[in-house]
Amino acid sequence: MRFMRLLVSALALVIFVAGLSTRLGPLPPLGHLLDPVHGVWAVARSAKPVAMTRAAIPGLDAEVRVLVDRRGVPHIFATTEADAYRAQGYIVARDRLFQLELQTRATAGRLTEWVDSVALSADRAMRALDLAGYADRHFAELDTRGQEAQALRAFADGVNAWIDRMRARDLPFEYRLLDVRPERWRPANTFYLLQRMNWTLAYGQHGLKRQRVAVHVGGLAADALLSSQSPIQEPIQPNGQDEPRFEVAPIPPPIVSNRVASITDFPSAAPPLDGGLGSNNWAVAPERTLRGHAILAGDPHLELTLPSIWYEIHLVVPGIMDVYGATIPGAPGIIIGFNRDVAWSFTNTEADVMDFYREIVDDSSQPRSTQLDGEWVPVRERVEEYHDPRGQLIAADTFLTSHRGPLRLIDGDWLSLRWTAFEPSHTMGAMVEAARAKSAPEWLEAMERFDVPPQNTLVADRAGTIAIRSTGRFPLRPGNQGGRIVDGSASRNDWMGSWPVERMPFAVNPAQGYLASANQQPIDPAVDSTYLGADWRQPWRALRINQLLRRGMAWTPDAIAELQTDAGSARADHFVPVFLAAVDRLKQNNAVDPELRNAGRRLAEWDRRYGLDSERAILFELAMDELTVRTWDELENEAGRRIYTPSSAALTALLQDSVSLWWDDQRTAVRETRDSILAQSLRGALQSATERYGDPEEGGWRWSRVRTMRIYHLLRIPALSALDVPNEGGTATLSPMSAGGTHGASWRMVVELAPEVRGWTVYPGGQSGNPASAFYDDRIPQWSAGALEPVSFPSAPNDLAPDSVVARLVITPTRQ
């Protein structure tokens, strides 16, 4: 069945080829693909694990043993850290080689070399930021004798050892489709991965967004909509309160402008604020658990793909390292996981770590210099060329870089960008060192060097300590001003350094007995108003986690795991009564028609949970969509394109003013108010739901039918994707999904820090990147059901039961 799916997908891609020697864009000749020795058939032959194999890696210090358990997890037993990373590189390349190269090429802006001009816009976005150039320079600046550089080189040795020994049948399916061969892996490629994470997690563009909004609706409204203070405070660093604090301020009315934003822009990567991108983590202190041991849980929410962004692995170097968890292919060591004493996880801080500077240039059409403190500073010119799969030049760009960073003409101004991603990083070294920690304080000390992308780092240990710190390189700005475009002609406006560790939001063993983060504002501005960011992610998941954790005093790992797929919604708890109250007020004025009355009745029937059988959740979601569209129409430009959409948390402030001009649709002759917009939104939701899904009494509204997860193959090949996967959760629940179903919980982990540490994990995919492998997507059913699986955590090879091992690999040094 797996092979047939693979074959069908291959045939579907080349079905319109006119002959066996005809190419279709980037695809190979059909005869090549169906070659019984080297074509798609070979992929199936390499899919089954071999019970016992041997391999060699140049530079290996001693023999390494690798045991693959029944879940496809490799347990690597080495005598040195470098050997462990060499073996890790080898194994990851064996299972995820195409993924390794794809993410490297995406960061470098070299996808056109595989798929021609279809990827030109994506490549141009990456080249404009010069992410690959910065990655290469950062690697070159490492201490060659330091543990970070040694780990990256060792990992690269392993990847290249696999590439060098690959047989024809081992070549991944995707390379066959594209008719290309893998490139060798460079140690600097790990920094490409880090830059890709910066792009995904820390590319906020707050200053540019605020300017665009201010142009359309005025500066005061822009400041309120993109505020540095979330209107709902449930901070990561506990503020001593046992319930959220609503700090709701009026939103000034819009001042409509006719100015249209320029098409020329810096690349944008920001996801919708109410989407599935984000993360959760929490830790419960021993006094609040049934067995008296700290419990830690983590589930990052990212784009879901096949193969997954995560790869599960266990590394053992006796006396030095014994660490288990998830890594991102391309990074040595473990990103999220645990060892024999400590467990850790991350969520994104959402901090503002970039600024735009308005530069004075010597020539407005072709700048050669920018002015700084009365002096002219040269601008660097960089030419980027793009080639197709045949090596032919298809486009070329000239990019400019100031002394701060990329320089571009935007909305009539020359703006340069300063971003922490452009500065040397020690994140990978911090992660390598932290994996050896014996306690939470030791782990936190190692993580002081972690700089980009900034993360809320949660840790717990066997002694019962739980702690959290928002960690990273947070710029110190003059005058505590952020989220604005800055005058670039004076050096006094540049960053004054970074936050010292002691200033970072932090908590250890709080009186409340637990810690939790879900991308909310890290510290209550009533405690510390230093600018850290703006336009904070909606706080609904944070509210729900805190609400549930406050109730419990005897938590178990199973109960904690259940929270990760809790279907309740603080967002629904807040907005459903708002809709219903508006209907009730209109009833009192005899302003309710039968359709609105019907919509209100059906919404009132909902238990505000996104269970798979819920038949009212979709009505609420469509009502929120309608409300968003009807409320923020002033933020559309003349082309009808929304330049910015405030989060649902911003609506909580607007709801306090029933006659705000924001409610009025200036395109109509009547004056709309809050209640009329709420009524129109609910009525429109009922109409939309009925048109799309049929009569509400016939089962077409069931949540499991109307909203599902869509886990695409990296090349978006439907036959190799997992589509329409049920998910008990919705927008802003603890197990969220984006509207398109492509983002959600990419990894779930629970760890009990008992005398013998125990862990449970799952992710929506499988260990292998080979679509014909049993380990390609085998974990999706468990993930969809919210079930975690206990992990095997052996100290030595003999600790794994023979019947739990599906493959063994012995790696030896290459003979000279």
Contact list, first residue from the range 99-110 and modelled with pLDDT of 95 or more, second anywhere and among the polar types (S, T, N, Q) and in a helix (DSSP H, G or I), beta-carbon distance below 8 Å, six or more apart or interchain, is L100/N189; T104/N189; T107/Q195
I want to confirm something. Restricting to the range 763-785 and keeping residues that are part of a loop (DSSP other than H, G, I, E, B) and open to solvent by 20 Å² or more (accessible area, probe 1.4 Å), which single residue is farthest from P557 (Cα to Cα)? N770
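Scan the strands (runs of 3 or more DSSP E) fully inside the range 342-414 and keep the ones with 2 or more residues being hydroxyl-bearing (S, T, Y).
342-348, 369-372, 393-401
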So which residues in the range 425-453 are open to solvent by 60 Å² or more (accessible area, probe 1.4 Å) and under 13 Å from E148 (Cα atoms)? H426, E433, R449
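Hey, which of the helices (runs of 4 or more DSSP H) in the range 534-606, taking only ones fully inside, have at least 2 residues that are at pLDDT 95 or above and among the polar types (S, T, N, Q)?
Numbers: elements: 540-551, 557-563, 570-588, 594-604.
It comes to 540-551.
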Going through (1) open to solvent by 50 Å² or more (accessible area, probe 1.4 Å); (2) within 28 Å of F191 (Cβ to Cβ); (3) of a type outside the set (A, V, I, L, M, F, W, C); (4) without any contact (Cβ under 8 Å) to a residue 24 or more places away in the chain one by one, G405 fails only at (1)
Is there a residue being at pLDDT below 90 and either open to solvent by 10 Å² or more (accessible area, probe 1.4 Å) or assigned to a helix (DSSP H, G or I) (or both) anywhere in the range 649-664? yes
Any idea which of (1) touching a helix residue (DSSP H, G or I) at 6+ places or on another chain (Cβ under 6 Å); (2) part of a loop (DSSP other than H, G, I, E, B); (3) open to solvent by less than 40 Å² (accessible area, probe 1.4 Å); (4) within 21 Å of A132 (Cα to Cα) is the one G333 doesn't satisfy? (4)
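Can we say D625 is assigned to a helix (DSSP H, G or I) and either of a type outside the set (A, V, I, L, M, F, W, C) or exposed (fewer than 15 other Cβ atoms within 10 Å of the Cβ) (or both)? Walk me through it before giving the result.
Numbers: assigned to a helix (DSSP H, G or I): yes; either of a type outside the set (A, V, I, L, M, F, W, C) or exposed (fewer than 15 other Cβ atoms within 10 Å of the Cβ) (or both): yes.
Considered against the rule, which asks whether it is assigned to a helix (DSSP H, G or I) and either of a type outside the set (A, V, I, L, M, F, W, C) or exposed (fewer than 15 other Cβ atoms within 10 Å of the Cβ) (or both), D625 comes out as yes.
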Every residue from the range 479-501 that is surrounded by 14 or more Cβ atoms within 10 Å (Cβ to Cβ) and in a strand (DSSP E or B): V486, S498
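Residue by residue, here is whether (1) surrounded by 24 or more Cβ atoms within 10 Å (Cβ to Cβ); (2) free of Cβ contacts under 8 Å to residues at least 60 places away in the same chain holds:
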residue	(1), (2)
N281	yes, no
R291	no, no
S308	yes, no
W344	yes, no
V361	no, yes
Any idea how many residues of the range 163-207 are over 22 Å from the mean Cα position of the chain (by Cα), surrounded by 22 or more Cβ atoms within 10 Å (Cβ to Cβ) and under 16 Å from Y85 (Cα atoms)? 1
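Can you work out which of the residues in the range 346-359 that are among the charged types (D, E, K, R) and crowded, with 22+ Cβ neighbours inside 10 Å is farthest from E752 (Cα to Cα)?
Here is the first cut: in the range 346-359, the residues among the charged types (D, E, K, R) are 350, 352, 355, 358-359.
Restricting the remaining residues to those that are crowded, with 22+ Cβ neighbours inside 10 Å gives 350, 352, 355, 359.
Working: E350: 28, D352: 34, D355: 41, E359: 53 Å.
For the range 346-359, the residue satisfying everything is E359.
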Taking the range 742-778 and keeping only residues that are closer than 26 Å to L97 by Cα and either among the aliphatic types (A, V, I, L, M) or without any contact (Cβ under 8 Å) to a residue 60 or more places away in the chain (or both), one is left with A745, M749, V762, A772, A774
Restricting attention to the range 129-143, which residues are under 23 Å from Q392 (Cα atoms) and surrounded by fewer than 20 Cβ atoms within 10 Å (Cβ to Cβ)? G133
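Does D95 count as modelled with pLDDT of 95 or more, part of a helix (DSSP H, G or I) and either surrounded by fewer than 23 Cβ atoms within 10 Å (Cβ to Cβ) or out of contact with any Phe, Trp or Tyr (no Cβ under 9 Å at 6 or more places or on another chain) (or both)?
Numbers: modelled with pLDDT of 95 or more: yes; part of a helix (DSSP H, G or I): yes; either surrounded by fewer than 23 Cβ atoms within 10 Å (Cβ to Cβ) or out of contact with any Phe, Trp or Tyr (no Cβ under 9 Å at 6 or more places or on another chain) (or both): no.
Criteria not met by D95.
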Checking L417 against (1) in contact (Cβ under 8 Å) with a residue 24 or more places away in the chain; (2) more than 22 Å from P522 (Cα to Cα); (3) surrounded by fewer than 18 Cβ atoms within 10 Å (Cβ to Cβ), which single condition isn't satisfied? (3)
Mind counting the residues in the range 678-704 that are modelled with pLDDT of 95 or more and under 20 Å from P726 (Cβ atoms)? 9
Which condition number in (1) among the hydrophobic types (A, V, I, L, M, F, W, C); (2) in a loop (DSSP other than H, G, I, E, B); (3) within 35 Å of the chain's Cα centre (by Cα) is the one that L682 fails? (2)
Which one is farthest from W536 (Cα to Cα) among residues in the range 310-320 that are more than 16 Å from the chain's Cα centre (by Cα) and open to solvent by less than 10 Å² (accessible area, probe 1.4 Å)? V317
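Being touching a His at 6+ places or on another chain (Cβ under 6 Å), open to solvent by 10 Å² or more (accessible area, probe 1.4 Å), part of a helix (DSSP H, G or I) and touching a residue at least 24 places away in the same chain (Cβ under 8 Å) narrows it down to one of E113, E148, so name that one.
On the way: E148 fails: touching a His at 6+ places or on another chain (Cβ under 6 Å).
Being touching a His at 6+ places or on another chain (Cβ under 6 Å), open to solvent by 10 Å² or more (accessible area, probe 1.4 Å), part of a helix (DSSP H, G or I) and touching a residue at least 24 places away in the same chain (Cβ under 8 Å) holds for just one of E113, E148, which is E113.
The values are calculated or read from the model by the stated rules, or taken from the named source; none is laboratory data. Computed from a predicted model, the values in this text were never measured in an experiment. All Cβ positions, even for glycine, are placed from backbone atoms using ideal geometry, and neighbour counts span all protein chains on display. The area values use the complete protein model at the heavy-atom level, side chains included, leaving out ligands, DNA and RNA. Shrake-Rupley method; radii C 1.70, N 1.55, O 1.52, S 1.80 Å.
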